[in-house]
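Trainee: Handing you this structure, nothing more for now.
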Amino acid sequence: MRVVLQNDKFRARLQKVALRCGVAALASAAVVSGCAGPGTDSGARGAPGRQPGQGGPARTADPQARRAAERERLVAAARHWELDQVPLAPPAPPATKPKITPRDGFEVDGQEEENLPPVFTTVPTKQKVVFLTIDDGAEKDPAFLRMMSDLKVPYTAFLSNYLVKDDYGYFRTMQSEGHTLNNHTLTHPYLPGLSYEEQKDEICGMQAIMKKQFGKAPTVFRPPYGNYNGDTLRAAKTCGIKYAPIWDEEVFVDHWEYREDDRSLHPGDIVLTHFRGRDDWDGTMVDDMRRFLNKVTREGYAVARLEDYL
């Protein structure tokens, strides 16, 4: 009788062990096969820290290996987009923001007394950086988005609603990649030809649309054509605007234009271009960016994010 009991106990222990092993095997199979239990996300995920379409290197514990892999990726991206060389990486944003004041001769009556948004063409910095700004929003070229994402080049978009309202999603994509969307009025009018109230409607109306479509109303505004008067800046301030940058250089598909007589880039310069394609230019936005990036890189400039300096 005692032997039978011992055998029964032995068989019970074997059954418990087998049950535990079976559960473990099932769990392992679930991990391998990508299965998930109820209430969990069974969708596939990319490597941590990578976004779809970026093609960045897999994460590794070795910082030097990560840098080498990223450099290799950027070299391949520059070759793919037919650049002369890899764009230079910008320095870290300044710990202390530079003081932004109106450019000499660009002030309006009451500028200082009313603390109106400054109009400026260059950010005061000794760092060899320039800032890329793109206006209007007419052309919505997906290749442009891929190019700038691949190359990790920052830019700021100044949007006019009559040109972007047919595809807000295009600009949400660039916003999701870290680029800033700013105000360029509802209909891109010549603002000094309008009354104060009309200007306010153009600027505040665009603020409301940007908050609804993109989640926030910006604090940066560019007057269309770079034209403004005192009412423009007063209306902009009422609408929540703090800065009104224009530009020092403008780049096109086939040439550059300069504000200064020396026809040169300077540290902190703001560069203008437009969302334009073959309907308006003899080339694409990719062609335009190639001209821009080749020149600034050749002259030793990195492209920095404008809002990091404001």
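Trainee: When only residues in region 219-255 that are open to solvent by 10 Å² or more (accessible area, probe 1.4 Å) and either in contact with a strand residue (DSSP E or B) (Cβ under 6 Å, 6 or more places away or on another chain) or of a type in the set (Asp, Glu) (or both) count, which is farthest from Glu113 (Cα to Cα)?
Mentor: Among them, the one singled out is Asp254.
Trainee: Suppose the filter is open to solvent by less than 40 Å² (accessible area, probe 1.4 Å), more than 18 Å from Asp135 (Cα to Cα) and either in contact with a Pro (Cβ under 6 Å, 6 or more places away or on another chain) or without any contact (Cβ under 8 Å) to a residue 60 or more places away in the chain (or both); does Leu310 pass it?
Mentor: no
Trainee: Would you confirm whether any residue within region 129-138 is open to solvent by 70 Å² or more (accessible area, probe 1.4 Å) and charged (D, E, K, R)?
Mentor: No, region 129-138 has no match at all.
Trainee: Do you know which residues across region 151-186 are among the basic types (Lys, Arg), within 13 Å of Phe214 (Cβ to Cβ) and under 14 Å from the mean Cα position of the chain (by Cα)?
Mentor: Residues of region 151-186 among the basic types (Lys, Arg): 152, 165, 172.
Those still in the list that are within 13 Å of Phe214 (Cβ to Cβ) too: 165, 172.
Residue satisfying the conditions is Arg172 alone.
Trainee: Select from region 152-175 the residues that are over 22 Å from Leu88 (Cβ atoms), open to solvent by 30 Å² or more (accessible area, probe 1.4 Å), touching a helix residue (DSSP H, G or I) at 6+ places or on another chain (Cβ under 9 Å) and not in a helix (DSSP H, G or I) and list them in ascending order.
Mentor: The answer is Lys165, and nothing else.
Trainee: Residues being out of contact with any helix residue (DSSP H, G or I) (no Cβ under 7 Å at 6 or more places or on another chain) and crowded, with 18+ Cβ neighbours inside 10 Å: count how many of those fall in region 115-126.
Mentor: Residues flagged as out of contact with any helix residue (DSSP H, G or I) (no Cβ under 7 Å at 6 or more places or on another chain) and crowded, with 18+ Cβ neighbours inside 10 Å within region 115-126 amount to 5.
The values are calculated or read from the model by the stated rules, or taken from the named source; none is laboratory data. Note that this is a predicted model, so its numbers are computed, not measured. Every residue, glycine among them, receives a Cβ derived from its backbone with ideal geometry; neighbour counts consider all protein chains shown. To get the accessible areas, we keep the full protein, side chains included, count just its heavy atoms, and leave off ligands, DNA and RNA. Shrake-Rupley method; radii C 1.70, N 1.55, O 1.52, S 1.80 Å.
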